[in-house]
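Trainee: One structure coming up, written as structure tokens, with questions to follow.
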Amino acid sequence: MNVKNLLDKIDEQEIRPENGAVIIYVGVVKGERENKKISEVEVIHDKKKIEEELNKNFKEDIDKENIKIKLIDGKLRPGEPITIIQIQAEDRYIAVIKLLKILDIVKKNTIIREYYDQ
């Protein structure tokens, strides 16, 4: 992942003057667990459940595009992104709290199967 390209894309986003914080979260595939090297993971997001819960809790933010989420399914290798979340909020505390709540929703509605090097 090229962080500079990501920052350039963020720079192109509209940041509303009522928002004092923008958070970008990128969840990536880990390279090891319990001293075992991970070769790849298979990721399955239950996008319908995630969308339902997000709309229940953050509909206004989603409608205003203050929250944007990209979920990546399929076989992924260590270092590749799984989840990308952008949040705009009036201040950093609110932004961080929203991020943590969104991550909890995504995590509980996602299956990750890990495959290890032999």
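The values are calculated or read from the model by the stated rules, or taken from the named source; none is laboratory data. For clarity, every value in this text was computed on a predicted model and none was experimentally measured. Virtual Cβ from ideal backbone geometry, glycine too; neighbours counted across all protein chains shown. SASA here: full protein model, heavy atoms, side chains in, ligands and nucleic acids out. Shrake-Rupley method; radii C 1.70, N 1.55, O 1.52, S 1.80 Å.
Trainee: Condition (residue is assigned to a helix (DSSP H, G or I) and out of contact with any Asp or Glu (no Cβ under 6 Å at 6 or more places or on another chain)) applied to the range 73-83: is it met by at least one residue?
Mentor: Checked against the condition, which is being assigned to a helix (DSSP H, G or I) and out of contact with any Asp or Glu (no Cβ under 6 Å at 6 or more places or on another chain), the range 73-83 yields no hits at all.
Trainee: Let me ask something else. Which residues, taken from the range 84-118, are in contact with a Ser or Thr (Cβ under 7 Å, 6 or more places away or on another chain), open to solvent by 70 Å² or more (accessible area, probe 1.4 Å) and not in a strand (DSSP E or B)?
Mentor: D117
Trainee: Restricting attention to the range 58-72, and to residues there that are β-branched (V, I, T) and outside any strand (DSSP E or B), which single residue is farthest from K47 (Cα to Cα)?
Mentor: Only one residue tops the list, namely I62.
Trainee: Given the residues E53, E42, which is the only one that is open to solvent by less than 80 Å² (accessible area, probe 1.4 Å), in contact with a Gly (Cβ under 8 Å, 6 or more places away or on another chain), at pLDDT 95 or above and of a type in the set (D, E, K, R)?
Mentor: E42
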